[in-house]
Amino acid sequence: MSELVHPYHRFIRPTVTHSSFCPGCGDGTIAQSILRAIDGLSMDMDDFVFVSGIGCAAWIPSPLFNADVLHTTHGRPIAFAFGIKMGLPNKKVMVVSGDGDLVAIGGNHLIQNARRNIEMVVICSNNGIYGMTGGQAAPTTPMGVKTTTTPYGTFENFFEDISGLVVAAGASFVARWTTAHPRQLTASIKKAIQKKGFAFIEVISQCPIQFGRKMGVGNAVQMLEDYKNRSISIQEAKKLSKEELKGRIVVGELVDLDKPEMVEEVTRMRKKAMGGAEAAVDTGRG
Amino acid sequence: MSEKRIRTGRYFMMGNVACAEGALAAGCEFVAGYPITPATEIANQLAEKLPQVGGGFFQMEDEISSIAAVIGASWAGKKVMTVTSGPGISLMLENIGFAIGVETPCVIVNVQRGAPTTGMPTIGIQGDMVQAKHGSHGDYEIIALCPSSPQEMFDHTVIAFNYAEKYRTPVFILSDAFVGHMREEVVIPEAEKIETVYRKIPELGTDPLKLKGFLDENVAPMPIFGKGFKAHVTSSCHDEYGKRNLIDISALDKFVRKLSEKILKHKEEITLVERDYEGAEIVLVSYGGVARAAAAAAATAREKGIPVGTLRLITVWPFPGEEIEKMARKAKHVIVLENNLGQVYPYIKAEAAHFSEVSFLPPKLVGEIQDPEDILKKIEEVSK
């Protein structure tokens with residue numbers, strides 16, 4: 001009998017024997033959506049360099065993806081990715097990390113590189129909690145929620161719209177989906193990979209262990225049902241008032257713009273520095 | 001190599017500019033940094049020159065992202081550097097540990113300035129000497145060079161790149177505002193007289209599953225990105241294949257030891273000192289700009305018939321303990337001179353005190369290099 005092999009097994013690092021995700025985690029859906037997008041574009045893993053920070057979502061590319069992967073310090077993957085993209089402008093650079101990593105400790109790198117509009121894909125798994133360290137409040141944890149560091153409920157205003165933040169900072173492509181929208185998510189990742197510019201995708205993702213169970217919002221299936229019920233497309237959302245949108249998750253592609261991209265601008269700048277000559281790279285290595 | 005990279009000739013040049021020229025000569029391709037006094041001239045110079053050779057200087061949002069971008073570009077196969085001063089190093093420390101942990105060649109220039117916190121930006125103090133060695137968390141070894149002149153800002157920058165590439169490690173240049181802003185004659189040699197090194201990389205086409213890219217005390221070839229090596233590069237504890245291991249303490253032991261052994265095994269070939277203590281009873285030990293005052297005081301003392309010598313540490317890290325011992329065995333009294341309150345002094349004392357008397361002479365005013373007159377007074381005091 002022939003062995004059944006998952007169609008995307010070929011994208012997984014051969015030394016990986018198991019995933020580190022808890023049962024019901026949304027990161028599996030995100031991982032598969034990324035791989036589906038790469039496969040859908042008929043691209044190879046060697047066309048990519050993946051970069052991640054610290055946290056559960058960072059363990060999607062590291063070690064799962066069979067490609068060049070840099071697993072970095074907490075909050076800094078986009079800053080590392082900047083150097084990689086400048087060094088390898090012909091490769092696709094994709095950052096995969098969580099909301100704590102990208103929006104809390106690493107928030108400045110997120111908005112500064114959205115402003116630069118440097119070509120890279122940033123996928124943010126937003127579960128609204130610090131999962132890996134045991135369920136601490138994040139800047140994305142809704143107000144009033146009891147977590148291990150807020151036993152009386154969170155008392156800070158929270159980031160309700162991190163995609164909106166990235167739009168305001170100047171990214172040329174921004175989309176938000178939930179793990180209940182794997183097909184739409186895959187389609188947006190495909191667009192993001194092809195985008196000449198900073199492409200950010202926020203994925204509202206369930207953490208049934210540290211969030212769902214403790215917050216009493218249920219298991220993975222119940223959380224996905226909840227995402228489905230609360231989601232509203234950006235087109236529909238435009239027709240509703242702010243009050244009517246309270247508690248809803250606005251999903252879809254928020255922006256898709258053409259604007260100056262940094263790697264191209266650097267090439268232009270180099271040409272100017274060389275007095276208009278075609279860039280003749282002198283590495284100093286003969 | 002083009003004339004744009006190596007501007008062979010004799011110049012009257014600022015130390016910081018000489019550092020930038022050294023980086024170009026060494027083959028630097030990517031520099032990221034954040035403006036800070038007294039290091040800014042290096043960035044300014046490279047922002048103009050690097051694009052002319054197809055490279056670039058990139059101004060980041062802070063020093064954390066500067067070192068991160070530099071490490072990323074190094075993994076993309078580039079020769080890289082960042083330039084800053086103490087406050088910038090304080091921000092970089094976590095990622096400097098990252099560079100050590102995943103064995104990333106990079107040059108870190110610290111043009112040191114006065115005091116903790118914001119301090120006095122235009123005054124040179126050798127205040128970050130131990131920070132370079134111990135600032136990031138965990139056990140590690142580092143390489144640090146201490147230039148004492150604009151010429152050495154050029155020479156040491158070339159050496160720093162070669163060490164970084166050869167040993168796959170961050171290398172510090174611990175200059176200071178005095179040496180960085182000093183203007184003196186700088187000779188840039190002809191291209192063929194400048195030795196440059198590029199890291200070993202695995203043979204193209206090597207099976208990624210058989211590729212040992214980490215934790216070899218003889219320096220593993222670097223599986224840089226974009227070559228099909230499918231490198232898994234993680235700052236988590238990993239084995240020689242790059243595979244993460246967070247459960248086995250023997251893996252941790254190997255991870256910690258191998259990183260340090262890689263430097264310590266090559267300590268003899270890394271270590272650079274200047275010895276001038278033949279027949280001396282009193283030896284002045286110093287590094288960086290202070291060594292100039294030490295040499296002047298020693299010359300005057302010898303004219304007066306006092307047998308005084310000098311030992312200058314060019315590489316302060318890895319700490320050249322053997323050199324200190326060798327010197328101390330011959331000396332009766334060792335005087336340590338630093339432009340700080342005694343940072344490397346305890347290390348020197350630990351090696352020397354078994355064989356000779358050891359004392360420390362701080363500058364009269366912190367931030368002022370020791371006056372040769374004051375050093376002479378101290379020499380006369382101990383020679384009585």
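With neighbour counts taken as other beta-carbon atoms within 10 Å, the residues B:GLU184, A:GLU119, B:GLU325 rank, fewest first, as B:GLU325, B:GLU184, A:GLU119.
Farthest towards the positive end of the charge dipole of chain A, among the residues A:ASN219, A:PHE80, A:ALA280, is the Cα of A:ALA280, using unit charges on the Cβ of Lys, Arg, Asp and Glu.
For chain B, adding -39500 (n - 2.57) for each run of n ≥ 4 DSSP H residues and dividing by the number of residues yields -11500 deg cm²/dmol at 222 nm. Taking chain B as a Gaussian network of alpha-carbon nodes connected by springs under 10 Å, the highest mean-square fluctuation of the residues B:GLU373, B:GLU94, B:GLU351 belongs to B:GLU373. Selection among B:ASN218, B:ALA115, B:MET13 by position relative to the dipole of chain B gives B:ASN218 as farthest towards the positive end (Cβ unit charges, Cα centre). Only beta bridges with both residues in the protein assembly as shown are counted; by DSSP, about 25 percent of them are antiparallel.
Over the range B:273-383, the reciprocal of the mean inverse Cα-Cα separation, the Kirkwood hydrodynamic radius, stands at 13.4 Å. This model, with +1 at the C-beta of Lys and Arg and -1 at the C-beta of Asp and Glu, gives the range B:74-204 a dipole about its Cα centre of some 260 debye. Among beta bridges from DSSP that stay inside chain A, the antiparallel ones total about 20%. Of all beta bridges that DSSP places with both ends in the range B:9-193, some 25 percent have antiparallel geometry. Summing charges over neighbours of B:PHE12, with a neighbour being any other residue whose Cβ is under 10 Å away from its Cβ, gives 0 when K and R count +1 and D and E count -1. The simple Förster model, with R0 at 22 Å and r as the Cβ-Cβ distance, assigns B:SER383 and B:LYS326 a FRET efficiency of 0.50. Comparing A:GLU156, A:GLU261, A:GLU202 in a Gaussian network model of chain A where C-alpha atoms under 10 Å apart are linked, the largest mean-square fluctuation is found at A:GLU156. Taking every Cα-Cα distance in the protein assembly as shown and sorting them into 20 Å bins starting at zero, the pair-distance distribution P(r) comes out as 18, 46, 27, 8, 1 percent.
What's the local net charge at B:PHE360, with K and R +1, D and E -1, over the other residues with C-beta under 15 Å away?
-1
Considering only A:GLY153, A:PHE173, A:ALA137, the residue lying farthest towards the positive end of the dipole of the range A:114-257 is A:PHE173, judged by Cα position with unit charges set on Cβ.
For the protein assembly as shown, the dipole from Cβ point charges (+1 on Lys and Arg, -1 on Asp and Glu) about the Cα centre works out to 1380 debye, to the nearest 20.
Multiplying the residue separation of B:SER90 and B:SER250 by 0.36 nm and subtracting their alpha-carbon distance yields 54.5 nm. The mean sequence separation of alpha-carbon pairs under 8 Å and at least six residues apart, normalised by the residue count of the range B:273-383, gives a relative contact order of 31 percent. Normalising the average separation of contacting C-alpha pairs (under 8 angstrom, six or more residues apart) by the number of residues puts the relative contact order of chain A at 17 percent. The separation of the range B:192-227 from the range A:193-229, counted between C-alpha centres, amounts to 40 Å. Between the range B:77-134 and the range B:240-303, what is the C-alpha centre distance in whole Å? The range B:77-134 and the range B:240-303 have Cα centres spaced 17 Å from each other. From helices alone, chain A scores -8500 deg cm²/dmol at 222 nm; the rule is -39500 (n - 2.57) for each run of n ≥ 4 DSSP H residues, then divide by the residue total. Arranged from fewest to most other beta-carbon atoms within 10 Å of their beta carbon, A:TRP59, A:TRP177 become A:TRP59, A:TRP177.
Radius of gyration over Kirkwood radius for the range B:9-193, both on Cα atoms: the Rg/Rh ratio is 0.93.
The alpha carbon centroids of the range B:315-384 and the range A:57-73 are separated by 48 Å.
Between B:LEU272, B:LEU365, B:LEU313, find the one with the highest GNM mean-square fluctuation for chain B; connect C-alpha pairs within less than 10 Å. Largest GNM mean-square fluctuation: B:LEU365.
Placing +1 on the Cβ of every Lys and Arg and -1 on the Cβ of every Asp and Glu, with nothing else charged, gives chain B a dipole about its Cα centre of roughly 540 debye.
From the Cα trace of chain B, what convex hull volume per residue do you get, rounded to a whole Å³?
Hull volume over Cα atoms, normalised by residue count, gives 136 Å³.
Kindly put B:SER85, A:SER231, A:SER163 in sequence by how many other C-beta atoms sit within 10 Å of each C-beta, fewest to most. Write down the numbers at each step before the final one.
Working: B:SER85 28, A:SER231 21, A:SER163 24.
Going from sparsest to densest Cβ surroundings: A:SER231, A:SER163, B:SER85.
Readers should treat all values here as calculations from the given coordinates under stated rules, not as data from a laboratory. All values reported here derive from a predicted model rather than from experimental measurement. Note that we place each Cβ from the backbone using ideal geometry, even for glycine, and neighbour counts take in every protein chain shown.
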